[in-house]
């Protein structure tokens, strides 16, 4: 299976890494390394994590990692795992109204 990360996921992850690096750059690097390792492992066990609380679809899953929820979709017919979003556990990230793209 191939893993694809959406633009939304990448943008959310960058914001999280930036926030973590304010206190400690090495902690942000370690977070990213460990998260990447867990996401890459999805190819071996795509249904390992629970069915999403946010979507009514068996192929959309919630992986919890260090107080963050990572939502991903399994596209079995195309042999793809699509990483959709990352946000603080149980609290989807909502874009600030004053924030520019």
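Taking the condition of being at negative phi and outside any strand (DSSP E or B), how many residues in segment 42-71 meet it? Steps first, answer last, please.
Going residue by residue through segment 42-71, those that are at negative phi are 42-65, 68-71.
Filter once more, so that each one left must be outside any strand (DSSP E or B): 42-49, 52-59.
Within segment 42-71, residues that are at negative phi and outside any strand (DSSP E or B) number 16.
Report whether or not residue 20 is surrounded by 15 or more Cβ atoms within 10 Å (Cβ to Cβ) and either in a strand (DSSP E or B) or at pLDDT 95 or above (or both). Quick ask: steps written out before the conclusion?
Numbers: surrounded by 15 or more Cβ atoms within 10 Å (Cβ to Cβ): yes; either in a strand (DSSP E or B) or at pLDDT 95 or above (or both): no.
For residue 20, the condition - surrounded by 15 or more Cβ atoms within 10 Å (Cβ to Cβ) and either in a strand (DSSP E or B) or at pLDDT 95 or above (or both) - is not met.
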**Q.** Those residues of segment 1-34 which are under 12 Å from residue 66 (Cβ atoms) and in contact (Cβ under 8 Å) with a residue 40 or more places away in the chain, in sequence order
**A.** 16
**Q.** Hey, residue 39 surrounded by 13 or more Cβ atoms within 10 Å (Cβ to Cβ), in contact (Cβ under 8 Å) with a residue 24 or more places away in the chain and in a helix (DSSP H, G or I) or not
**A.** yes
**Q.** Conditions (1) at pLDDT 95 or above; (2) more than 12 Å from the chain's Cα centre (by Cα): number failed by residue 13
**A.** (2)
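What residue, of 58, 66, 77, is touching a helix residue (DSSP H, G or I) at 6+ places or on another chain (Cβ under 9 Å), free of Cβ contacts under 8 Å to residues at least 60 places away in the same chain and surrounded by fewer than 16 Cβ atoms within 10 Å (Cβ to Cβ)? Reasoning before the result, please.
Numbers: 58 fails: touching a helix residue (DSSP H, G or I) at 6+ places or on another chain (Cβ under 9 Å); 77 fails: touching a helix residue (DSSP H, G or I) at 6+ places or on another chain (Cβ under 9 Å).
Result: 66 is the single residue among 58, 66, 77 that is touching a helix residue (DSSP H, G or I) at 6+ places or on another chain (Cβ under 9 Å), free of Cβ contacts under 8 Å to residues at least 60 places away in the same chain and surrounded by fewer than 16 Cβ atoms within 10 Å (Cβ to Cβ).
The values are calculated or read from the model by the stated rules, or taken from the named source; none is laboratory data. Since the model is a prediction, treat every value here as computed from it, not as a measurement. Heads up, the Cβs are rebuilt from the backbone with ideal geometry, glycines too, and the neighbour counts pull from every protein chain shown.
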